[in-house]
Every structure is written in structure tokens, then in C-alpha cells.
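Every number in this text was worked out from the coordinates using simple rules, so none of it is lab data. Because the structure is a prediction, the values reported are computed rather than measured. Neighbour counts run over all protein chains shown; Cβ positions are idealised from the backbone, glycine included.
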Amino acid sequence: MDLEIYDKTEKGVSEKDQKLIRDVLNFAGSFIHLADNTEMSVTLVNNDEIHKINQQYRGVDRATDVISFAIEDEADDDFPIVMDEALKESIPENIGDIFVSVDKVAEQADYLGHSFERELGFLCVHGFLHLNGYDHMKKADADIMFPLQKEILNAYGLKR
């Protein structure tokens, strides 16, 4: 997977934590059988920045932990792009962008009594699953997403 990580935090996020993000998301991609040429990004921000994003795009006036912006490939175009399978497979598929508040990672890890790394991995996988069409707004959807999320994190080694 082609994964870009952007650190927009005030203090900066360690190389070790950025490696964790890269490793856990590549693991998650393999776990759900994503194509190798899948693209996405993770932007690490502080509470002030994610508050602005949350307010602007979701109408919620508070900081949150993770926000996912999925790129929808299915569009009702009058003129769909037609290409052969070989060409289609060679073009990377960008699934979207995740924004993670590192302030919330620290707050929630402390509140839940587990490591910063576990919470960081959890939020990245959570956002990643949203980019791949999983949701938890309805119980039936949550009954699929949450066990998968837990299975990925446990298999990777980020248990609670």
C-alpha cells in the first residue's frame, strides 16, 4: 500500500509511532485483501486542528479522535471511464484520508488504561475501516466492523 503520513502536530510524532502507523495499516490492508496499489494518507494533528475539521465537515463543535474522508469510486457519471482490466489494475486506487488527533490518542490511552501505541493503532485501523466501507451507525454494521477491528488489532499484537 502506498501510504503517506503527514505530521502537522506542534511537537511532532516520533519515527517509531509513524512506523507503527505504517505497519499496522499495511497489516490491516493485507488482512482485508486490499490491492497492493491502494493509496491513502494519514494526517496527524492536534485537538485544535481536528476541532476545526470536525466543525467544518461534520458540523460538530468539538475535537474528536479520528475523522475519515473516503473517496467514493461509485459515481453516477453520464460518461463512465471504460478501460481494459490490465490498465485498470495498473492505476492506483486512492481510498481516502484519515486525520488523527494525537492529543486525543494520549487522552484516551490514559483514560482507558492502555498504551499510546495501542490507542494510535486502534484509531488508525478504525479510520482505515471507514475508508473501506465499514461503519457502525447501525447495530448490524457495528456487529461487523467492531469484531473485525478487534481481530486485526489482536492479530497485529495491539491487544487491550
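Tell me which label goes with the value of Kirkwood radius over Cα pairs in Å computed from the coordinates here: [x] 20.9; [y] 16.7; [z] 17.1.
[y]
By how many degrees, 0 to 90 and rounded to 10, does the Cα axis of helix 102-112 deviate from the longest principal axis of the chain?
Taking Cα atoms only, the helix is inclined about 60 degrees.
Can you order the peptides 52-65, 118-131 by their average number of other Cβ atoms within 10 Å per residue, highest first?
Highest-to-lowest ranking by the protection proxy: 118-131, 52-65.
Could you order peptides 23-30, 151-158 by the average number of other Cβ atoms within 10 Å of their residues, highest first? Mind showing how you got there, number by number?
Details: 23-30: 18.8, 151-158: 16.2.
The peptides rank, most packed first, as 23-30, 151-158.
Which links in Lys11/Lys138; Lys104/Lys159; Lys19/Lys104; Lys52/Lys159; Lys8/Lys138; Lys11/Lys139 stretch past 29 Å when you go from one Cα to the other?
Long pairs (Cα-Cα over 29 Å): Lys11/Lys138; Lys52/Lys159; Lys8/Lys138; Lys11/Lys139.
On a 0 to 90° scale, report how tilted helix 139-156 is relative to the longest principal axis of the chain, with both axes built from alpha carbons and the result rounded to the nearest 10.
70
Per residue of the chain, what 222 nm ellipticity follows from adding -39500 (n - 2.57) for every DSSP H run with n ≥ 4, rounded to the nearest 500?
-16000 deg cm²/dmol
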